[in-house]
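The values are calculated or read from the model by the stated rules, or taken from the named source; none is laboratory data. Please read these numbers as outputs of a predicted model, since none were measured by experiment. Here Cβ is always computed from backbone atoms with ideal geometry, including for glycine, and neighbour counts include all displayed protein chains.
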Amino acid sequence: MNTFQIKPTLHFGAGALERLTALSHQRTLIITDQAMVTFGLVEQVRRYLSGTPEMISLFAEVTPDPDVAVISAGMKAYKAAAPDLLIAIGGGSVIDAAKGVLYTLHQAGELAEKPKFVAIPTTSGTGSEVTAFSVIKSGTEKWALVDGFMLPDLAILAPELVASVPAAITADTGMDVLCHALEAYVSNQASDFSDALAEKTVQLVFAHLPDCHRNGQDLVAREKMHNASCIAGMAFTNASLGITHSLAHALGGGFRVPHGRANALLMSQVVAFNADYHGQCNNAAACKYARLAKLLGLPASDTREGVMSLLVAIDVLREQLDIPASIAATGVERPAFEAALPALVAQALKDNCTPTNPRKASALDIEQLYQQSFRSAATQ
């Protein structure tokens, strides 16, 4: 028997923040970062909350790629606030941090009752508002926590909150969305349900991500990408991911390459590997990649041509978004990369995303994928 879970309830589109007025609560804790406070987004949320200012506590110490120190500080803030409503407003790091706080308190037996948990994403990338995943950094390593307990109860997708996201971040997070869809689609845990969501995501990304990158104030494109991020999250929280994310987690932890950018640099090489493009190119993953090419209206007279068309489309999109052409082009120097490579390979192999990759990868395979992506993100 298989299971497909859809949670939380979604409110999306212009005016979605107004749904906050319907929430019944006594004490609220908002988890966010300083940027959300500075840009006034936290105040926007506060205006919709009932209760006096003393009933609303703020923890705004989340940093990019939150680590165990952030989670520890968040736990202290949570215990002090004792909230029955928890709101996370920010990008994937903020929502992941809020999840990490809940998860750690729960595992420690220090959470008497789970509060109502509302996630309000301000980037279109991680889909964290609908996933049972949270990525937390420990030292130089990133680890993916997986537990349905962390799922929010309510997610609010307000496109106006992402209109001011800079072009470079739009590019990185948008490629993360594409990677979520591609990896969920070929995962060994994929189903008809996750496939439908992944296919729709891929269509939305190729249709609207370039427009978001060119003009961040295009609210139609912004809403479509915000939806795509969430839809992809629904797909991968059920089907899981693959080794693009495994390699990206290790690379990002070791060299501070932004997560979405790391995925963009590794994606084409992993697609070619999964499809066995330089071999028979007729396995299940190759056939599904070719199906995506057809869905996008690309040449796909046979499986190999379909895979090649998809690879070219990914490479063209990455170039349109001004993403560097290789790991080396991000500023990672060869000696440091070579020195770190054994540790990167070891961490990628034990990442939670590795077991659901459609093609089993050895340590040598992982090393070769890193080496290829260091030289060029595009497949040869």
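Out of everything in segment 11-32 that is buried (at least 19 other Cβ atoms within 10 Å of the Cβ) and part of a strand (DSSP E or B), what residue ends up being farthest from the chain's Cα centre (by Cα)? Only one residue tops the list, namely Thr28.
For segment 33-54, filtered to residues that are more than 17 Å from Leu154 (Cβ to Cβ) and of a type in the set (S, T, N, Q), the residue that is farthest from the chain's Cα centre (by Cα) is Thr52.
One residue stands out among those in segment 45-59 that are part of a helix (DSSP H, G or I) and among the charged types (D, E, K, R): the one that is surrounded by the most Cβ atoms within 10 Å (Cβ to Cβ), which is Arg46. Residue-level check: of (1) touching a Gly at 6+ places or on another chain (Cβ under 8 Å); (2) surrounded by 24 or more Cβ atoms within 10 Å (Cβ to Cβ), Asp96 misses just (1). Summed over segment 38-59, residues that are in contact with a strand residue (DSSP E or B) (Cβ under 7 Å, 6 or more places away or on another chain) and charged (D, E, K, R) total 1. Looking across Val177, Val202, Val186, one residue alone is in contact with a Ser or Thr (Cβ under 8 Å, 6 or more places away or on another chain) and either β-branched (Val, Ile, Thr) or farther than 24 Å from Pro324 by Cβ (or both). It is Val177. Annotation note: Cβ proximity below 6 Å between a residue of segment 317-339 that is in the same structural domain as Val202 (by the TED database) and a residue that is in a loop (DSSP other than H, G, I, E, B) (sequence gap 6+ or interchain) occurs for Ala325/Ala377; Ser326/Ser376; Ser326/Ala377; Thr330/Val257; Thr330/Pro324. Just to be sure, is Ala239 buried (at least 24 other Cβ atoms within 10 Å of the Cβ) and within 22 Å of Cys287 (Cβ to Cβ)? Considered against the rule, which asks whether it is buried (at least 24 other Cβ atoms within 10 Å of the Cβ) and within 22 Å of Cys287 (Cβ to Cβ), Ala239 comes out as yes. Total residues in segment 139-196 satisfying the condition of being in the same structural domain as His245 (by the TED database), within 15 Å of the chain's Cα centre (by Cα) and among the small types (Gly, Ala, Ser): the figure is 4.
Checked against the criteria, His245 does not count as touching a strand residue (DSSP E or B) at 6+ places or on another chain (Cβ under 6 Å), at pLDDT 95 or above, buried (at least 24 other Cβ atoms within 10 Å of the Cβ) and not charged (D, E, K, R). Restricting the search to strands (runs of 3 or more DSSP E) fully inside segment 67-156 and requiring at least 2 residues that are under 17 Å from Thr32 (Cβ atoms) and in contact (Cβ under 8 Å) with a residue 60 or more places away in the chain gives 85-90, 116-121.
The residue that is farthest from Ser124 (Cα to Cα), counting only those in segment 226-242 that are touching a strand residue (DSSP E or B) at 6+ places or on another chain (Cβ under 9 Å), in a helix (DSSP H, G or I) and not β-branched (Val, Ile, Thr), is Phe236. Pairs needed: first member in segment 46-59, more than 12 Å from Ile31 (Cα to Cα) and in the same structural domain as Tyr78 (by the TED database); second member anywhere, at pLDDT 90 or above and surrounded by fewer than 17 Cβ atoms within 10 Å (Cβ to Cβ); C-beta distance under 6 Å; at least 6 residues apart or different chains. Listed by first residue and then by second, the contacts come to Tyr48/Thr21; Met55/Arg27.
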